[in-house]
Structure formats: structure tokens, C-alpha cells
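J.: Encoded as C-alpha cells, here's the structure I'll be asking about.
FYI, it's all coordinate maths here, none of it is from the lab. Everything numeric here is computed off the predicted structure, so don't read it as measured data. Cβ sites come from the backbone with ideal geometry, for glycine too, and all protein chains shown count toward neighbours.
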Amino acid sequence: MNQSNIGQYLEAAEDWLEYRKFSYIIGVGECGHDFDAANNDVDMLDVDIYEVSSLRELAEHFVEEGLFEDIPEPLQFYIDYDAIARYLGMDHTHIVIAGNPLVYRVVCRA
């Protein structure tokens, strides 16, 4: 985004839901794509956004959602969420946009 296309972005973003605006900000900002907000679909940007305040919270969410399969209840007390959060930190980043804490992962393509 620059001076020549800020107007196009503002016009296109007027109808976008908040998560699409976040996807655009993150996807274009992180990857530096020359993305035309007026003519391209923001969903084409490969951005995963989670409304959580930390990588640890994302790790807890992933375990609760079964990302690591079913974990027997007696073993759930032994899960090292901090270790999972460090692992997630290799691909995910924490950011605050307009007061909203988010964790995201973006895939930049050439």
C-alpha cells in the first residue's frame, strides 16, 4: 500500500469485515505483495488469524480443538503448553491491530 493506491484500499475495505482488513494488513505488510485491493480478493492472501492474546493461548486452543488428536483426560495435566507455544512461534506471530490482540501465520508466495 502506498500513496497511489491508499484511496483504492479505503474504498474496498469499506465493505470488508474486520478479519479481512486484518488479513490485508498482515498479508501485504509481511509479504510485500503488490496487491490491488480494488480488483483482487483479499481471501487469496494465505493468512491464518486467531483472536487470542498469546501463543500459549493458541496452543491451549489447538489442544482443546483436537489438533493433537484425543488426549486422555489423565494425561492432559502433563501437557507442556509453553513448549507447544514455542514451537508455534516458529510460524506464528503475535500482533495488536486497532487494540485487537491476534496471533497469525502467513505464507508468502513469490
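J.: Please state the charge dipole magnitude for the chain, taken about the Cα centre, from unit charges on C-beta atoms (+1 on K and R, -1 on D and E), reported in debye and rounded to the nearest 20. Intermediate results must be reported in sequence, preceding the final value.
T.: Working: 6 positive and 22 negative charges, 92 e Å.
It comes to approximately 440 debye.
J.: Using each residue's phi in segment 56-68, evaluate 6.51 cos²θ - 1.76 cosθ + 1.60 at θ = phi - 60° and report the 3J(HN,Hα) Karplus result to the nearest Hz, with x for Gly and Pro.
T.: 5, 4, 5, 4, 4, 4, 4, 5, 4, 7, x, 4, 9
J.: Put +1 on the Cβ of every Lys and Arg and -1 on every Asp and Glu Cβ in the chain; which of Val52, Ser4, Leu17 then has its Cα farthest towards the positive end of the dipole?
T.: With unit charges placed on the Cβ atoms, the residue in question is Ser4.
J.: Now for a separate question. Report the semi-axes of the equivalent ellipsoid for the chain in whole Å, largest first, where each axis is √(5λ) for an eigenvalue λ of the Cα gyration tensor.
T.: Largest first, the chain gives 34, 13, 12 Å.
J.: For the chain, what does the helix formula give at 222 nm: sum of -39500 (n - 2.57) over DSSP H segments with n ≥ 4, over the residue count, nearest 500 deg cm²/dmol?
T.: -10500 deg cm²/dmol
J.: Per the Kirkwood treatment, what hydrodynamic radius in Å, one decimal, follows for segment 49-110 from the mean inverse distance over all distinct Cα pairs?
T.: Evaluated over segment 49-110, this radius sits at 12.6 Å.
J.: Next question, about the same structure. So who's got an amide H within less than 5 Å of the one on Val52, skipping anything under 5 residues away but keeping other chains? H placed 1.01 Å off N, in plane.
T.: Answer set, sorted by chain and number: Val103.
J.: Among Phe68, Gly29, Val106, whose Cα sits farthest toward the positive end of the charge dipole of the chain (+1 at Cβ of Lys/Arg, -1 at Cβ of Asp/Glu, about the Cα centre)?
T.: Among Phe68, Gly29, Val106, the one farthest towards the positive end of the dipole of the chain is Gly29.
J.: In addition: Could you sort the peptides 96-103, 49-56, 63-70 by per-residue average Cβ neighbour count (10 Å cutoff), highest mean leading? Intermediate results must be reported in sequence, preceding the final value.
T.: Values: 96-103: 13.5, 49-56: 16.8, 63-70: 9.8.
Highest mean packing first, the order is 49-56, 96-103, 63-70.
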